[in-house]
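The values are calculated or read from the model by the stated rules, or taken from the named source; none is laboratory data. Quantities reported herein were computed from a predicted structural model and do not represent experimental measurements. Positions of Cβ are backbone-derived with ideal geometry, glycine not excepted, and every protein chain shown enters the neighbour counts.
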Amino acid sequence: MAGMHSPAITNARRVLCALLLLHGLPAAAAGLHARIVDQAGRPVEDAVVLAKHVGEGGGVPARPPDDLVDQVDKDFVPYVKPILVGSRVHFPNKDNIRHHVYSFSPAKKFELPLYSGTSAPPVLFDKPGIVVLGCNIHDWMIGYIYVSETPYFGKTAKEGEVVIKDLPSGSYAMRVWHPRMRETEESTIRQSVIGRTGTIEAEWQITLNPDTRIRRAPATGAGRYR
């Protein structure tokens, strides 16, 4: 009879439709939702959370995109900047005075002589590790660049939380770092297995040392670089 189809044809069409629908949907991915608190249970901002893939997969991109650490109102912005190893970082100066950015850290030693605007060349961070930033003119200007060997990282917001997305399934070694953390970074390592979909929850409690940063000079107008 016209308009009627055999069960085999009907089932084949259903399978084809299902495949077309799946093909048009984005692939599901797993993630890590991390929360960091201090010794009093308060959320910790600017903590770097990393998830290093232990098995195969999770390769590092051949050329990470350029990044930047700004200088605004005589401070490094952001205070903590996690990047992937191999990244080039620009240090634009949006103040109306000149800055002299430098670092003596083993992971990257460099110096950008006095400049303003965006005239300073980008700096290549080719080794993993922690890079402490300073300014020869303003002693209170301190910043940190965390150069990660894994592409799976993030930084906590004011709520002490961060979500790291698109993690391939497999085994991971997860860890935490913060500039004022009393513990060693290695002591925070946790092993976890992440599936193909879903988000795992993890929480760390760390002990923060007192903030010993130099207080910035008052804006009296008497000094050229205040």
All but one of (1) farther than 30 Å from Thr207 by Cβ; (2) at pLDDT below 95 hold for Val54, so report the exception by its number.
(1)
Selected residue [closer than 20 Å to Val77 by Cβ and touching a residue at least 24 places away in the same chain (Cβ under 8 Å)] from Val132, Val176:
Val132
I'd like to check something: does region 154-177 contain any residue that is under 15 Å from Val85 (Cβ atoms), in contact with a strand residue (DSSP E or B) (Cβ under 8 Å, 6 or more places away or on another chain) and not in a strand (DSSP E or B)?
no
Residue count for region 118-143, restricted to those that are more than 13 Å from Val89 (Cα to Cα) and in contact with a His (Cβ under 6 Å, 6 or more places away or on another chain)
3
Could you please find all residues in region 132-158 being crowded, with 19+ Cβ neighbours inside 10 Å and aromatic (Phe, Trp, Tyr)?
Tyr144, Tyr146, Tyr152, Phe153
Could you please let me know if Pro122 is in contact (Cβ under 8 Å) with a residue 24 or more places away in the chain, closer than 17 Å to Lys52 by Cα and not aliphatic (A, V, I, L, M)?
no
Let me confirm something: among Lys165, Lys108, which residue is buried (at least 18 other Cβ atoms within 10 Å of the Cβ) and out of contact with any His (no Cβ under 8 Å at 6 or more places or on another chain)?
Lys108
Answer residue from region 39-57, given it is of a type in the set (D, E, K, R) and closer than 14 Å to Trp177 by Cβ and is surrounded by the most Cβ atoms within 10 Å (Cβ to Cβ) among those:
Asp46
Heads up, the strands (runs of 3 or more DSSP E) in region 48-138 (entirely inside) with at least 1 residues that are closer than 29 Å to Tyr152 by Cβ and not assigned by TED's automatic domain parsing to the domain that holds Arg175 are 70-72, 75-77, 80-84, 87-90, 99-105, 108-115, 123-125, 129-135
It is to be established whether one or more residues within region 207-217 are surrounded by fewer than 14 Cβ atoms within 10 Å (Cβ to Cβ) and touching a Gly at 6+ places or on another chain (Cβ under 7 Å).
no
Being at pLDDT 90 or above and in contact with an Asp or Glu (Cβ under 9 Å, 6 or more places away or on another chain), is that true of even one residue in region 207-214?
yes
